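Student: The structure that follows is given in the form of structure tokens.
The values are calculated or read from the model by the stated rules, or taken from the named source; none is laboratory data. A quick note: this is a predicted structure, and the numbers were derived from the prediction, not measured. Here the Cβ is made from the backbone with ideal geometry for all residues, glycine too, and neighbour counts use every protein chain on show. These accessible areas exclude ligands, DNA and RNA; they are computed on the full protein's heavy atoms, side chains included. Shrake-Rupley method; radii C 1.70, N 1.55, O 1.52, S 1.80 Å.
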Amino acid sequence: QQQELIRNFSIIAHIDHGKSTLADRILEYTGALSNREKQDQYLDTMDLERERGITIKLQSVRLPYKAKDGKEYIINLIDTPGHVDFAYEVSRSLAACEGALLVVDAAQGVEAQTMANVYLALENDLEILPVINKVDLPSAEPERVKEEIEDLIGLDASEAVHASAKEGIGTEEILEQIVEKVPPPSGDPDSPLKALIYDSIYDSYRGVITYIRVVDGSIRKGMKVRMMATGKEFEVTDVGVFTPKPVSKDELAVGEVGFMVASIKDVKVTRVGDTITDANHPASEPLPGYRKINPMVFCGMYPVDSGDYDDLREALEKLELNDASLRYEPETSGALGFGFRCGFLGLLHMEVIQERIEREYNIPLITTAPSVVYKVYKTDGELLEIENPTLMPPQQQIDHVEEPFVRATMMVPNDFVGAVMELCQSKRGEYVDMQYLDANRVNIVYELPLAEIVYDFFDQLKSGTKGYASFDYELSGYKTSDLVKMDILLNGEPVDALSFIVHKERAYYRGRQLVEKLKKLIPRQMFEVPVQAAIGNKVVARETIRAQRKNVLAKCYGGDISRKRKLLEKQKEGKKRMKAVGNVEVPQEAFMAVLQMD
Ligand code: GDP
Ligand code: MG
């Protein structure tokens, strides 16, 4: 039986521990990459991923492997992202697997996201195989790291493979362990079709392509299928596998991983996490869906050119298709016009979406500073959930405000405990716990306001610990805080897109800092522009942008036409990222200025 020869697995790791490199070695070893195709980190396909060295979208690939027992196995590798913002994607890919390789850096040891990923794997009942990577490093301590895996995670690490993905050491042993220890898929080939949609993409020629894992039954070309969540039915026009190139097949059998095409044009029909079944012999129950994860950070996205509004909506629709944690809804700003309020898992997620819209869809954007969701209890008993600071009611109508807190776990070497505690304290953190993991490493737990985390907490943590700290967090609940809305006025007019919510104790300081910053960022106009920060009607800080003195073109003496044109073009280029707010030209950076304070 072919089912016995299938192994579906993922690789999980803390970021930079070598997951992508190991995936490449496995692809090479099994011959899935020809020399021509070979380039580092094959699975990281998006330009953005290569540039930033992070894996964002999960990818899968089917690998043939002839094991030492003489049998030909089909091994499906499903790649997962490593960053804390993308835990949702990790849990999706894990649901399509029976096993996971847990890659741990032999020099760094277990880190915060190693733990977080292990919990996700355990939730999905996966067989976890530890791999100690980077044993080639002089600082590698595989035995110590094994102990850590046993002590901190509670996994048996006695058979953990000692690997160097960089030098290709241990690859065969890893594949042998996958074959031996990861169970084959257990689905029933004779039951009605149940296939899990674990991802999907939009292709302009073929429509929606869904990535599926067949759990029961099988799916064939020509079959009529039904999406169980939406009830919509389609005829399957193609099924196949990734080798890693897409290759068509007649059928995907029970336990297999691959793609399905059914000339689906509407991206909303195929929800990730939904179950596909046979329309003529439908399954009675869908597969358990994914744990729903709510966005934690919101910002406004506005096209620089208002003519791009419809294109922006279309881009968001397509991105949402395979990014279930992305939210958006139309929003109007007095300053920025028509746009969308978008929700993200974290700041990196937000940046990635923003960059993809600009690069892949070619829509220049103005984005506003991110905000968390506040719960505002009004004196009249009404409860408002505020995603946009502008919508905060006037102070006299507010009884109290709650903000989201996270439980943050930071693992750091001893020497940096003081620095980390100081940082957390300065971010309004509340100390929870501290444990010594071994002689030199400490696990510090704090409750912190999410609003402080989404800004530059991670960067500050990294720089304060010379890059040694690792970090993970989860939402822990809402708490009452003394918060006020700060308005920014340009030329006497409040600019809604610049409003932000701030702790009362820091309000004056932040207001002052921001107007100073805006004075530097907003170019001089033909007239004088006052910049003010106000709480309610009370102005707490003021600066003035002086009027422009000279026409820039005057410098060109009229003679040199090409130089003049260049200058004009340069100005136009600069304008792309400017938005006229009333009669003041405001650059993109001004809207994000609130993020880069302290
Ligand atoms: P990922 O974030 O887990 O996908 O990690 P990558 O595969 O991108 O690797 C992170 C960095 O570690 C890269 O610079 C790799 O070249 C390096 N790296 C990966 N595996 C090894 C290894 O076995 N030995 C050494 N010395 N470096 C490695
Ligand atoms: Mg990677």
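Student: Across region 380-462, how large is the tail of the calculated P(r) beyond 19 Å, expressed as a percent of all Cα pairs? Show your work: numbers first, answer last.
Tutor: Working: 1655 of 3403 pairs.
Result: 49 percent of Cα pairs exceed 19 Å.
Student: What is region 142-300's relative contact order, in percent, from Cα pairs under 8 angstrom and six or more apart in sequence?
Tutor: 22 percent
Student: Next question. Is region 341-413 best put as rounded, prolate or oblate by its Cα gyration tensor, with a ≥ b ≥ c the root eigenvalues, rounded for a/c under 1.5, and otherwise prolate when a/b is larger than b/c, oblate when not?
Tutor: Note, shape of region 341-413 comes out oblate.
Student: Something else about it: So if each residue of separation counts as 0.36 nm, and I subtract the Cα-Cα distance between MET526 and ASP266, what length gain in nm does that give? Mind showing how you got there, number by number?
Tutor: On the way: separation 260, 0.36 × 260 = 93.60 nm, distance 4.86 nm.
Using 0.36 nm per residue and subtracting the Cα-Cα distance, I get 88.7 nm.
Student: Roughly speaking, to the nearest percent, how much of the chain's 1.4 Å accessible area is carbon and sulfur? If you can, show how the numbers build up before the last one.
Tutor: On the way: 12480 of 26320 Å².
Carbon with sulfur: 47 percent of the solvent-accessible area.
Student: In region 85-218, what is the volume of the convex hull around the alpha carbon atoms, normalised per residue and reported in Å³?
Tutor: Per residue, the Cα convex hull of region 85-218 comes to 149 Å³.
Student: Quick one, can you get me the convex hull of the C-alpha atoms of region 361-500 expressed as volume per residue in Å³?
Tutor: Hull volume over Cα atoms, normalised by residue count, gives 160 Å³.
Student: Using the alpha carbons of region 152-230, what is the convex hull volume per residue in cubic angstrom, as a whole number?
Tutor: Taking only Cα atoms, region 152-230 has a hull volume of 231 Å³ per residue.
Student: Next up: I need the P(r) histogram for region 423-519: all alpha carbon pairs, bin width 10 Å from 0 out to the longest distance, whole percents.
Tutor: Distribution as computed: 12, 38, 29, 16, 5, 1 percent.
Student: Just grab the label-to-label distance for GLU173 and VAL445, each label 7 Å out from Cα along the Cβ direction, in nm (one decimal).
Tutor: That separation, rounded to one decimal, is 3.5 nm.
Student: Compute the helix-to-body angle for 417-426: its Cα long axis versus the longest principal axis of the chain, expressed 0 to 90° and rounded to tens.
Tutor: The helix 417-426 is inclined about 50 degrees to the chain.
Student: With each pseudo-label sitting 7 Å past Cα toward Cβ, what's the LEU383-ARG546 distance in nm, one decimal?
Tutor: Inter-label distance under the simple model: 5.4 nm.
Student: With θ set to phi - 60°, apply the Karplus curve 6.51 cos²θ - 1.76 cosθ + 1.60 along region 392-401 and write out the HN-Hα couplings as whole Hz, x wherever there is a Gly or Pro.
Tutor: 4, x, x, 3, 5, 8, 9, 7, 7, 10
Student: Determine the distance separating the Cα centre of region 234-279 from the Cα centre of region 109-134; give it in Å without decimals.
Tutor: 29 Å
Student: Also, I was wondering about something else. By average Cβ neighbour count within 10 Å, what is the ranking of 211-218, 440-447 from highest down?
Tutor: Going from most to least packed, we get 211-218, 440-447.
Student: Would you kindly state how much longer the chain becomes between LYS504 and SER463 on full extension, computed as 0.36 nm times their sequence separation minus their alpha carbon distance, in nm to one decimal?
Tutor: Taking LYS504 through SER463 to full extension adds about 12.0 nm, to one decimal.
Student: Calculate, in nm to one decimal, what ASP190 and GLN2 gain on full extension: separation in residues at 0.36 nm each, minus their alpha carbon distance.
Tutor: Additional length available on full extension: 66.3 nm.
Student: Based on Cα positions only, what radius of gyration and what Dmax would you give for region 232-386, in angstroms?
Tutor: Here Rg and the maximum Cα pair distance are 19.7, 64 Å.
Student: Please report Rg over Rh for region 253-324, where both radii come from the alpha carbon positions and Rh follows the Kirkwood definition.
Tutor: 1.07
Student: If you plug each phi of region 205-221 into the Karplus form 6.51 cos²θ - 1.76 cosθ + 1.60 with θ = phi - 60°, what whole-Hz ³J(HN,Hα) values come out, in order, with x for Gly and Pro?
Tutor: 8, 9, x, 6, 10, 9, 9, 10, 10, 6, 9, 9, x, 8, 10, 10, 4
Student: Calculate, for ASN583 and VAL539, the FRET efficiency according to 1/(1 + (r/R0)^6) with r their C-beta to C-beta distance and R0 25 Å; round to the nearest 0.05.
Tutor: E between ASN583 and VAL539, to the nearest 0.05, is 0.75.
Student: For ALA229, which sequence-distant residues (separation of 5 or more, or a different chain) have an amide H within less than 5 Å of its own amide H, given hydrogens modelled in the peptide plane?
Tutor: Placed amide hydrogens put THR275 under 5 Å from ALA229.
Student: For region 418-493, what relative contact order do you get, as a whole percent, if you take Cα pairs closer than 8 Å and at least 6 residues apart?
Tutor: Values: 50 pairs, mean separation 18.3, N = 76.
Reported as a whole number, the value is 24 percent.
Student: Under 8 Å for C-alpha pairs, at least 6 residues apart: give me the relative contact order for the chain, rounded to a whole percent. Kindly include the intermediate steps, with their values, before the conclusion.
Tutor: Values: 1293 pairs, mean separation 57.1, N = 598.
Result for the chain is 10 percent.
Student: Which distance in nm do the two modelled labels at HIS400 and TYR29 give, with both placed 7 Å along the Cα-to-Cβ direction?
Tutor: Each label point lies 7 Å from its Cα, and together they span 5.7 nm.
Student: What is the projected area of the convex hull of the Cα atoms of region 122-195, averaged over all directions, in nm²?
Tutor: For region 122-195, averaging the hull's shadow over all directions gives 6.9 nm².
Student: Accessible area, 1.4 Å probe, largest first: how do MET350, MET228 sort?
Tutor: Largest accessible area first, the list is MET228, MET350.
Student: Counting each pair of different Cα atoms once, what's the Kirkwood radius of region 185-294 in Å, rounded to one decimal?
Tutor: Mean inverse Cα-Cα distance, inverted, gives 13.6 Å.
Student: Can I ask one more? Which whole-number percent of Cα pairs in the chain have a distance greater than 38 Å? Don't skip to the end; give the middle numbers.
Tutor: Values: 72328 of 178503 pairs.
When all Cα pairs of the chain are counted, 41 percent exceed 38 Å.
Student: So how tilted is helix 561-576 from the main axis of the chain? Cα-based, degrees 0 to 90, rounded to 10.
Tutor: Between the helix axis and the principal axis of the chain, the angle is about 70 degrees.
Student: Quick one: Karplus J couplings for region 532-545, per residue in order, coefficients 6.51, -1.76, 1.60, θ = phi - 60°, nearest Hz, x for Gly and Pro?
Tutor: For region 532-545, the Karplus-derived couplings read 10, 10, 9, 10, x, 8, 9, 6, 9, 7, 8, 9, 10, 8 Hz, x marking Gly and Pro.
Student: Where does each of MET260, MET434 land when they are ordered by accessible area, with a 1.4 Å probe and the largest first?
Tutor: MET434, MET260
Student: I would also like to ask the following. Taking the Cβ-Cβ separation of LYS232 and ASP310 as r and a Förster radius of 25 Å, what is the calculated FRET efficiency to the nearest 0.05?
Tutor: Values: r = 24 Å, r/R0 = 0.97.
E(calc), rounded to 0.05, equals 0.55.
Student: Mind checking which of ILE26, SER499, GLN397 is farthest towards the positive end of the chain's charge dipole, using Cβ charges of +1 (Lys, Arg) and -1 (Asp, Glu) about the Cα centre?
Tutor: SER499
Student: Once the Cα atoms of helix 112-123 and of the chain are each reduced to a long axis, what angle between those two axes, in degrees from 0 to 90 to the nearest 10, is obtained?
Tutor: Result, in degrees: 50.
Student: Then there's this: Could you state the accessible area per residue of the chain in Å², with a 1.4 Å probe and every protein chain left in place?
Tutor: Normalised by residue count, the accessible surface of the chain is 44 Å².
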